[in-house]
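> First the structure, which I've put down as structure tokens, then a few questions once you've had a look.
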Amino acid sequence: MEFSIIATSDIHGHTERFSQLAKMIQKEKPALLIDNGDFLQGSHLSYYYEQVKKDIHPQIALANELLYDVAIFGNHEFNYPLNEIAHMRKACHFPWIAANIRDFARPYFIKETHGIRIAVIGVVTHFVPQWDEDDYTTSLFFEDALASAKRTVQHVRSHENVQLVILSYHGGFEQDLHTGHRIDLEDGENQGYAMLQQIDGIDIFITGHQHLEIATKVNGISVVQPGANAHCFAQITVTIEDDEITHSPELVYVDNSIQPQTFDELNQWKNTWIGESEIDFSYSDFFSPRFQSIPYTQLIHQMQLHYTGAQLSVTELPYHSTGGFPKNIHYGDVLHNLPRANHLKVLALTGSEIREALELCAAVFAINDAHEIDFSSTVHYPEPQPYTYDCWGELDYELTISQAVGQRVTKLHYQGREIQPDDVFEVAVNSYRATGSHHFTMMKKQAIREVPTIIPKLIMRYIHEHSPIKITLESSFQVRK
């Protein structure tokens, strides 16, 4: 006898592509269908339903139609207030579980199918509170995911008379599955390798969070991680023969010949004109906006300084090879560049703290074998990821990558004067950076003031009110060998 288990993870609200996967999943008729978290947050469609239409996300209806059995909380589920999470759970016709969030959700789910009992245990990375920009999780307790998973697997094996145990973990791997080499600089965010080594009784291990594509066997355990943004799903084929249960994992990729669900109302909104600029603010490669000041980043700094009254501005860039704004700017252009619902905080930072933050930014670069500046994560792995890089505005600075890490800030001036360690500046940063994550601990401090309106709406307003846009900032930076 043979049946399949299907798992999705990190769909991030990409419902158009998920609708293609949905038709493929329906044909497979899985005996068990699991989502491993980060289900809605992260797409233009999600922004539209959260911020514009303010209605239940259509991906939930699609998941209900597919008859999902269970979902595991991911870290991005907690980008929303608890009352909104409650509304989401109520709209879903399947339970959401997490063993390591105390008194918040069921720890596991049991299903009987094909003559056997299967347990699905859910855990989420316990780093969630560290990334909480709005104190949504202050009333929740997140236990160490490894400890919780170990205890819950033991409980289920001892008390639930199950024949198959699935650990579904919204987290990834801190070490390479086959070599054991360290692949993650953060200590504790991803514990998948330790779970495989330290927990007895797991048959199938579903992971996520890192957006990797994995389907392999480790010590007899089927291990999967089905990428991100609905590009694929994980399928585990289970065979029962002579009371022996075996299983094999694979990834099944989206068939782009399948007609996706479309959202005309969203597309009309994205194509709505906001304003115009005197020049083209677009860029067409990863490195140019990271190596020197360009009109697009100057515009973002100009906007942030306008609404905060700060002296300095910090902004991040999406991990896109193309970005910025054309001369005629539409809502969709804003979401392409600023998709996250962060807001602005003003922090008091000293000269030494600014230098420390810039050194963290400089550490994402290295000199590659072609003697060119590259992302350090592609030269020496593990290294800081490109998304930990910021551009600063109203600051004149240089980063010299041939220097040792920690000694790369070779120029640091404000209004023509070298910044001293004890100088203090008001700095506008986004609320995620202000959590202090990714070693930006100097940013984790009480804000002087905040702007509650989210950054995408601020830039939309700024473009509308100041069209045609002109750049007045004169500060600049340079990254050089």
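> Could you grab me the full set of residues in segment 98-119 that are over 26 Å from K29 (Cα atoms) and part of a strand (DSSP E or B)?
I101 - this is the single residue of segment 98-119 that is over 26 Å from K29 (Cα atoms) and part of a strand (DSSP E or B).
> Also: Mind listing just one residue for me: the one in segment 392-407 that is among the polar types (S, T, N, Q) and without any contact (Cβ under 8 Å) to a residue 60 or more places away in the chain and, of those, surrounded by the most Cβ atoms within 10 Å (Cβ to Cβ)? Step through it out loud before you land on a result.
Taking segment 392-407 as the starting set, the residues that turn out to be among the polar types (S, T, N, Q) are 400, 402-403, 407.
When the remaining residues are screened for being without any contact (Cβ under 8 Å) to a residue 60 or more places away in the chain, the result is 403, 407.
Values: Q403: 13, Q407: 10.
Among those residues, the one meeting the criterion is Q403.
> Right, something else. So which pairs qualify, if the first residue must be in segment 41-52 and closer than 15 Å to F18 by Cβ, the second must be of a type in the set (V, I, T) and surrounded by fewer than 22 Cβ atoms within 10 Å (Cβ to Cβ), the Cβ gap must be under 8 Å, and the two must be at least 6 apart or on different chains?
Y49/I56
> If you scan segment 362-374, which residues turn out to be in a strand (DSSP E or B) and free of Cβ contacts under 8 Å to residues at least 24 places away in the same chain?
Applying the first criterion (in a strand (DSSP E or B)) to segment 362-374 yields 365-367, 373-374.
Result: D374, single match.
> Can you name the condition, by its number, that H439 falls short on among (1) in a loop (DSSP other than H, G, I, E, B); (2) more than 24 Å from the chain's Cα centre (by Cα); (3) surrounded by 14 or more Cβ atoms within 10 Å (Cβ to Cβ)?
(2)
> Do the conditions hold for S402, that is, is it polar (S, T, N, Q), at pLDDT 95 or above and over 26 Å from the mean Cα position of the chain (by Cα)? Working first, answer last.
On the way: polar (S, T, N, Q): yes; at pLDDT 95 or above: yes; over 26 Å from the mean Cα position of the chain (by Cα): yes.
Yes: the conditions hold for S402.
> For V409, indicate whether it is at pLDDT below 95, in the same structural domain as Q298 (by TED's automatic domain parsing) and among the hydrophobic types (A, V, I, L, M, F, W, C). Don't jump to the end; show me each part of the working.
Numbers: at pLDDT below 95: no; in the same structural domain as Q298 (by TED's automatic domain parsing): yes; among the hydrophobic types (A, V, I, L, M, F, W, C): yes.
The answer is no for V409.
> Kindly indicate whether any position in segment 32-51 is outside any loop (DSSP other than H, G, I, E, B) and surrounded by fewer than 16 Cβ atoms within 10 Å (Cβ to Cβ).
The initial filter retains those residues of segment 32-51 that are outside any loop (DSSP other than H, G, I, E, B), namely 32-35, 44-51.
If we keep only those that are surrounded by fewer than 16 Cβ atoms within 10 Å (Cβ to Cβ) as well, we get 51.
The answer is yes, given that some residue of segment 32-51 is outside any loop (DSSP other than H, G, I, E, B) and surrounded by fewer than 16 Cβ atoms within 10 Å (Cβ to Cβ).
> Ok, one more. Mind checking which pairs have a first residue in segment 408-421 that is closer than 30 Å to I367 by Cβ and a second that is at pLDDT below 95 and hydroxyl-bearing (S, T, Y), Cβ under 9 Å, 6 or more apart or different chains?
Taking only residues 6 or more apart or on different chains, the pairs are H413/S475; Y414/S475.
> Does at least one position in segment 210-221 carry a residue that is among the acidic types (D, E) and in the same structural domain as Q154 (by TED's automatic domain parsing)? Show your work before the answer.
Looking only at segment 210-221, we keep the residues that are among the acidic types (D, E), and these are 213.
Pick out the ones that are also in the same structural domain as Q154 (by TED's automatic domain parsing) and you get 213.
Yes - at least one qualifying residue is present in segment 210-221.
> Residues I11, I5, I85: which one is over 23 Å from I166 (Cα atoms) and at pLDDT 95 or above?
Values: I11 fails: over 23 Å from I166 (Cα atoms); I5 fails: over 23 Å from I166 (Cα atoms).
The match here is I85.
> Looking at T239, is it of a type in the set (S, T, Y), in the same structural domain as V120 (by TED's automatic domain parsing) and closer than 29 Å to R151 by Cβ? Spell out the reasoning first.
Details: of a type in the set (S, T, Y): yes; in the same structural domain as V120 (by TED's automatic domain parsing): yes; closer than 29 Å to R151 by Cβ: no.
No, not satisfied.
The values are calculated or read from the model by the stated rules, or taken from the named source; none is laboratory data. Since the model is a prediction, treat every value here as computed from it, not as a measurement. We place every Cβ from the backbone using ideal geometry, glycine too, and count neighbours over all the protein chains shown.
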